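The values are calculated or read from the model by the stated rules, or taken from the named source; none is laboratory data. Since the structure is predicted, the reported quantities are computational estimates derived from the model, not experimental observations. Neighbour counts run over all protein chains shown; Cβ positions are idealised from the backbone, glycine included. To get the accessible areas, we keep the full protein, side chains included, count just its heavy atoms, and leave off ligands, DNA and RNA. Shrake-Rupley method; radii C 1.70, N 1.55, O 1.52, S 1.80 Å.
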Amino acid sequence: MATVHLRIGDLVWGKLGRYPPWPGKVVSPPKDLKKPRGKKCHFVKFFGTEDHAWIKVEQLKPYHAHKEEMIKINKGKRFQQAVDAVEDFLKKAKGKEQNSDSKGESKGKKTQNKPLKILDEDDEDLSALKDPSDKPVKDDPHFHHFLLSQSEKPASSMEPISKRLKIVEEDSGSTSIQAADSTAINGSITPTDKRIGFLGLGLMGSGVVSNLLKMGHVVTVWNRTAEKCDLFIQEGARLGRTPAEVTSMCDITFSCVSDPKAARDLVLGPSGVLQGIRPGKCYVEMSTVDPETITELSQVITSRGRRFLEAPVAGSQQLSNDGMLVIVAAGDRSVYEDCSSCFQAMGKTSFFLGEAGNAARMMLILNMVQGSFMATIAEGLTLAQATGQSQQTFLDILCQGQMASTFVDQKCQNILQGNFKPDYYLKHIQKDLRLAISMGDMANHPTPMAAAANEVYKRAKALDQSDNDISAVYRAYIH
């Protein structure tokens, strides 16, 4: 497996979990600090912070070679301050080289050694992004890098990262609400005083509601299976007996259900949204459905003096739990703005794409690409096995190349471990592929790759994999 060859003093980009790569320097660890067993890693000090960590070599990139790339994708103020700190370091180092011949090295001076602040498995952030007002959160499953465990922890543990967001107008005409840093400060999210309703507590909806409550929103919930509401009632949510009751009580009602039929039934069915929503109130459809369903629901809602927004989300159950979804919205711009604090609570970024139906189109395209990619990865793994190649080595090589990502690493590891616990249901990605293919047909645009992937997922469904994770498409190749 290819490795990054680094030495003490080299400048690097080090990646911690789901957070962006951060500039640092490879340094010597304290003498009493042992290197983690079985891990090829370097001890890194991060610029702009006092943090240190053991980082696996595959999560390190040379600083200069990747500088332009990293600066393009990370725009936060603290990130820029860290980059500036690197540049200051380089200038000082160059100055020392120029002056060394005339001045020589200073001797006899002792500097006071500061205690190292070392990130461990329980820490979620870089100290430069820390805010004392934040509340602790649970361990981050994405924080899979081998971080150093401290023998003694300070009385106050590292604080979590949350979100501070800003609105950015883009050349494309779309608008995005993005984290000012890739992560931001919890205390800067002021929850709206509007009453929030939420219909549907599935894999995605549950995480969304939990984060809305954590950020101080007043939330009323409903779910077809009422028992799923109990946990959120304990966390402070209110209970609505029907969708109609929730929408009558709330200013903004979100829904997140499985498919177009469920979305229509929720609005148009007995005791549905349409029977309870009052003039001026808002309805936000977060389900991934086809544009025609969105157009129908939008017309039904707005024709009665109500306001409508579609806001499907890109992500998974884990990203929903972490409040790191990407929200793609379209429809009533004023509703999008009214939902600002809610989108900040549930996601890392949101985009406004104009008229209703555009978000559905974009989300189907995104999920079409993801579903096709997952099927291709499964095909590669099984072909490796069929030709006598090591599947683990295939994954190791893949994760060192241009396609390296947390998604690839996690899905492949789950496949190799036989773990298909759903993070995103296989039946839902197959539904999205079907809808995307239909959308292509209507636009007279070919989608042969998606069509091929769809057939593989249909076979996986026939093998009773519907309620497993999308990575269970792997089983369609081995049965």
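Just add up the charged neighbours of residue 395: K/R +1, D/E -1, any other residue whose Cβ is under 12 Å from the Cβ of residue 395.
-2
I'd like the accessible area for residue 377: 1.4 Å probe, protein heavy atoms, all chains in place, Å² to the nearest 10.
Only protein atoms counted, so the area is about 10 Å².
Just to confirm a number: summing +1 for Lys and Arg and -1 for Asp and Glu over residues other than residue 469 whose beta-carbon lies under 10 angstrom from that of residue 469, what do you get?
0
For residue 5 and residue 444, calculate 0.36 nm times their separation in residues minus their Cα-Cα distance, and state this gained length in nm to one decimal.
153.0 nm
Solvent-accessible area per residue for the stretch 320-479 at a 1.4 Å probe radius, Å²?
Per-residue value: 44 Å².
Net charge around residue 229, counting only other residues with Cβ within less than 11 Å of its Cβ (Lys, Arg = +1; Asp, Glu = -1)?
Cβ neighbours under 11 Å give a net charge of +1.
Taking only the alpha carbons of the stretch 187-251, what extent do you get along each of the three principal axes, in Å, biggest first?
Between the extreme Cα coordinates on each principal axis of the stretch 187-251 lie 35, 24, 19 Å.
Sorted by accessible area with a 1.4 angstrom probe, largest first, how do 307, 224 fall?
Sorted by accessible area, descending: 224, 307.
Please state the equivalent ellipsoid semi-axes for the stretch 297-338: what are the square roots of 5 times the Cα gyration tensor eigenvalues, largest first, in whole Å?
26, 10, 7
Just the ratio, please: alpha-carbon radius of gyration of the stretch 314-432 over 2.2 N^0.38 Å, N its number of residues.
1.28
Given points 7 Å out from each Cα along the Cα-Cβ axis, report the residue 91 to residue 402 separation in nanometres with one decimal.
So the label points at residue 91 and residue 402 sit 3.6 nm apart.
Can you compute the modelled spin-label distance between residue 458 and residue 261, with each label point 7 Å from Cα toward Cβ, in nm?
Using points 7 Å along Cα→Cβ, the separation is 1.7 nm.
What do you get when you divide the Cα radius of gyration of the stretch 225-373 by 2.2 N^0.38 Å, with N the number of residues?
1.01
Among the listed pairs 56/77; 91/411; 56/411; 61/348; 31/91; 15/91, which are separated by more than 31 Å between their Cα atoms?
In this structure, 91/411 exceed 31 Å between Cα atoms.
Which translational diffusion coefficient, to the nearest whole µm²/s, is obtained for the stretch 270-348 from the Stokes-Einstein equation, given a Kirkwood hydrodynamic radius over C-alpha pairs, 4 °C and 1.567 mPa s?
So the translational diffusion coefficient is about 98 µm²/s.
Points 7 angstrom from Cα along the Cβ direction at residue 409 and residue 241: gap in nanometres?
For the pair residue 409/residue 241, the computed spacing is 5.0 nm.
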